[in-house]
Amino acid sequence: MIKLFSLKQQKKDGEASPRPGNQKKASAAQLRITKDINELNLPKTCTTEFPDPDDLLSFKLVICPDEGFYKTGRFVFSFKVGPNYPHEPPKVKCETQVYHPNIDQQGNVCLNILREDWKPVLTINSIVYGLQYLFLEPNPEDPLNKEAAEVLTTNRRLFEQNVQKAMRGGYVGSTYFDRCLK
Amino acid sequence: MTEAQEPSQKRWAHLRKILERPGPFCHPEFEPSPEIMDFIVTSCKILVVGAGGLGCELLKDLALMGFKQIHVIDMDTIDLSNLNRQFLFRQKDIGQSKAKVAAEFINRRIPGCQVTPHFCKIQDYDEGFYRSFHIIVCGLDSIVARRWINGMIMSLLCYEDGVLDNSTIIPLVDGGTEGFKGNARVIVPGNSACVECTLDLYPPQVTYPLCTIANTPRLPEHCIEYVKVVMWPKENPFNAALDGDDTQHVGWIYEKSLERAAQFNITGVTYRLVQGVVKNIIPAVASTNAVIAGVCATEVFKIATSCCLPLNNYMVFNDVDGIYTYTYTAERKDNCVVCSQVPQTLLIPDATKMKLKDLIQTLCEDETYQMKNPGLTTTVGGKNKTLYISTIKSIEERTRDNLNKSLVELGLKDGSEIMVADATTPMTLVFCLKFQSSDVEMN
């Protein structure tokens, strides 16, 4: 253990010698997100949009599934990465109205790694794959949109039609969906 | 004899016994001397971060130990619920700054003590402020704030050719409590595990699966969480962000939670529980705060005087049932993003001529780095700036022009740090630019 205060006689009075270029350092969240973003390996169905290239902490993800119920649709998610990343997961919202068992009308997404199963070793890439998977395999077991989940389990054909109807723009039951075809 | 000295002979008699005599438990390099007490009383400058449960105890402990130059920073104001344990505050102080009231109390009560309050966020000050302290001691309730302070003091370290300049070390003593449990730790930046190294120690926030709270709630907490997460943003009853200190807001959540609980035949939703869930309140226990603050203050004293070896380096305390303590050495993480990095110096022969693309080429071709696709960011004037990231189309398009700009044109200076992420390294690397031409000018 070093003896710390052999240096103790030094006086400290506010304007201690500023060192050249010792500017505000990037936060841990910033360092980590830089790594995550640089190594984003997106499936070909996904693209990202950064409204401000200097702000890596907020961006959008666009998913255009090329198979499954949601083929030909275009779904936008917003990502907000907080200062406590990666201790806490980013906040992800679906900005496109979608008829989906695991996404509600407010854009909340029920994906385990976005909440209870988040671990700091996971990355933005993990979330992208998780979201993409939701479109390929909607999960009726843990629904956010209960009606959609029920239809999916009882009548897949009707579910498929409902998805199509919603993506073309229109009512499914009493809920109106904006058009979101590519 | 000056008036300050005379009473201090007696006043600090107990401390003098420790500081002016050798002993078997002393730091091996400890040299007893009366000057040490003078250092404490006259020049040792301490920053207390947080003036809440731990902060009040810390201020009292440190001031009674002779420390006079104490600064305290807290952005919070006093709430009725603080008064049972934050003993520097009275009912008349409700609504006022914790830092200011605490400082006034200590200054009034402990002769000669000069506590300087800062009623603001820790992020409002820059490194000039933090560098001016000998020791920083934290009594915080937030992980974000701990990480920020930790990052700040790590960023103050200076390395000369990869060797740490010890005079840039500001030790951090950190205390934390949760109910009957607490911990105290000593962080010697660059030498021992930092907050970021041991981040996994903090339990994740309690979160419930969204589908559970939406469809199959079983606990009163599920109902409250549903109202907070789903109904509030949807109905936005007061056209404002949810404020856990606003009784109207909490009242609304309480009512809606009761309704929802009734729907699912769940009992146990109370106003207090709602408050607890909304504000993430963990019950605070005054005695735990007192113990942990006592340990932290002792560590500050040991570090300031070098009279004893400091805590090495993490102590846990639990008095749920009897009293239990355990001390162990938290280890540094080899790849800690904050403290494992000795910023690597990157020599820039001519910053006015060298373009960003040349820099990237260097990183890719240089034997030591051999990077593949480096993404570069920096901070200019305290703001993050993306220099170039090739892998993201939307960023690449808008940073492409930077490639042909010189480092000077990009706002980089001698000593600027750039962050480089690349698939070849497990984490983002920090490079410190050293302009060779400016050296010549200085000579």
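A residue that is open to solvent by less than 20 Å² (accessible area, probe 1.4 Å), within 10 Å of the chain's Cα centre (by Cα) and among the small types (G, A, S) can be found somewhere in segment A:78-100. Within segment B:121-151, being more than 7 Å from chain A (Cβ to nearest Cβ), open to solvent by 20 Å² or more (accessible area, probe 1.4 Å) and aliphatic (A, V, I, L, M) holds for one residue alone: B:L140. Picking from residues in segment B:297-331 that are hydroxyl-bearing (S, T, Y) and in a loop (DSSP other than H, G, I, E, B), the one that is least open to solvent (accessible area, probe 1.4 Å) is B:S306.
Given the criterion more than 9 Å from chain A (Cβ to nearest Cβ), surrounded by 22 or more Cβ atoms within 10 Å (Cβ to Cβ) and within 28 Å of the chain's Cα centre (by Cα), identify the matching residue among B:C223, B:C197. One residue alone meets the criteria, B:C197. Across segment B:26-59, the qualifying residues are those that are acidic (D, E) and out of contact with any Lys or Arg (no Cβ under 9 Å at 6 or more places or on another chain), and the one among them that is surrounded by the most Cβ atoms within 10 Å (Cβ to Cβ) is B:D38.
At least 2 residues being touching a Pro at 6+ places or on another chain (Cβ under 8 Å) is the threshold, and among the strands (runs of 3 or more DSSP E) wholly inside segment A:31-133 those reaching it are A:58-63, A:75-80. Residues of segment B:153-167 that are in contact with a helix residue (DSSP H, G or I) (Cβ under 8 Å, 6 or more places away or on another chain), more than 8 Å from chain A (Cβ to nearest Cβ) and open to solvent by 10 Å² or more (accessible area, probe 1.4 Å): B:L157 alone.
For every residue, the table says whether it meets (1) facing chain B (nearest Cβ under 9 Å); (2) more than 30 Å from B:H134 (Cα to Cα); (3) at pLDDT 95 or above; (4) touching a strand residue (DSSP E or B) at 6+ places or on another chain (Cβ under 6 Å).
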residue	(1), (2), (3), (4)
A:K3	yes, no, no, no
A:G21	yes, no, no, no
A:A26	yes, no, no, yes
A:F59	yes, yes, yes, yes
A:S78	no, yes, yes, yes
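When segment A:167-180 is filtered for residues that are open to solvent by less than 90 Å² (accessible area, probe 1.4 Å), outside any helix (DSSP H, G or I) and either among the hydroxyl-bearing types (S, T, Y) or in contact with a Cys (Cβ under 9 Å, 6 or more places away or on another chain) (or both), the ones remaining, listed by number, are A:G169, A:T175. Of note, A:Q164 satisfies the criterion of being open to solvent by 20 Å² or more (accessible area, probe 1.4 Å) and closer than 21 Å to A:K71 by Cα. Within segment B:396-427, the set of residues being more than 9 Å from chain A (Cβ to nearest Cβ), open to solvent by 30 Å² or more (accessible area, probe 1.4 Å) and within 18 Å of B:P343 (Cα to Cα) comprises B:T424 only.
Can you pull out the residues in segment B:200-212 that are among the hydrophobic types (A, V, I, L, M, F, W, C) and either over 22 Å from B:G276 (Cβ atoms) or more than 10 Å from chain A (Cβ to nearest Cβ) (or both)? If the condition is that a residue be among the hydrophobic types (A, V, I, L, M, F, W, C) and either over 22 Å from B:G276 (Cβ atoms) or more than 10 Å from chain A (Cβ to nearest Cβ) (or both), then B:L201, B:C211 are the ones that fit. Which ones in segment A:134-161 are surrounded by fewer than 17 Cβ atoms within 10 Å (Cβ to Cβ), assigned to a helix (DSSP H, G or I) and under 18 Å from the mean Cα position of the chain (by Cα)? If the condition is that a residue be surrounded by fewer than 17 Cβ atoms within 10 Å (Cβ to Cβ), assigned to a helix (DSSP H, G or I) and under 18 Å from the mean Cα position of the chain (by Cα), then A:L136 is the only one that fits.
Taken residue by residue, segment A:110-124 has no member that is within 8 Å of another protein chain (Cβ to nearest Cβ), open to solvent by 40 Å² or more (accessible area, probe 1.4 Å), over 11 Å from the mean Cα position of the chain (by Cα) and over 30 Å from B:E196 (Cα atoms). Residue pairs whose Cβ atoms lie under 6 Å apart, separated by 6 or more positions or on different chains, with the first residue in segment B:406-432 and under 14 Å from B:K372 (Cα atoms) and the second crowded, with 24+ Cβ neighbours inside 10 Å and of a type in the set (G, A, S), are B:A421/B:G375; B:T428/B:A421. Report yes if B:L19 is away from chain A (no Cβ under 14 Å) and open to solvent by less than 10 Å² (accessible area, probe 1.4 Å), otherwise no. When the stated conditions are applied, B:L19 does not pass them. Taking first residues from segment B:60-71 that are crowded, with 20+ Cβ neighbours inside 10 Å and partners that are assigned to a loop (DSSP other than H, G, I, E, B) and aliphatic (A, V, I, L, M), the Cβ contacts under 6 Å between residues at least 6 apart in sequence or on separate chains come to B:A63/B:I110. Given the criteria more than 12 Å from chain A (Cβ to nearest Cβ), modelled with pLDDT under 95 and buried (at least 16 other Cβ atoms within 10 Å of the Cβ), does B:G179 qualify? No. Since B:G244 meets every condition but one in (1) without any contact (Cβ under 8 Å) to a residue 12 or more places away in the chain; (2) in a loop (DSSP other than H, G, I, E, B), which condition does it not meet? Failed condition: (1). Within segment B:279-296, if we keep just the residues that are open to solvent by 30 Å² or more (accessible area, probe 1.4 Å) and assigned to a helix (DSSP H, G or I), the residue that is nearest to B:Y324 (Cα to Cα) turns out to be B:V291.
From the list B:K372, B:K385, B:K393, the one residue that fits, being within 12 Å of chain A (Cβ to nearest Cβ) and without any contact (Cβ under 8 Å) to a residue 12 or more places away in the chain, is B:K393. One residue alone among B:T116, B:T77 is open to solvent by 30 Å² or more (accessible area, probe 1.4 Å), over 27 Å from B:S167 (Cβ atoms) and not hydrophobic (A, V, I, L, M, F, W, C), and that residue is B:T77.
The values are calculated or read from the model by the stated rules, or taken from the named source; none is laboratory data. For clarity, every value in this text was computed on a predicted model and none was experimentally measured. Cβ coordinates were reconstructed from backbone atoms using ideal geometry, including for glycine residues, and neighbour counts include every protein chain displayed. Each accessible area value is taken on the protein alone, full model and side chains, heavy atoms only, with ligands, DNA and RNA left out. Shrake-Rupley method; radii C 1.70, N 1.55, O 1.52, S 1.80 Å.
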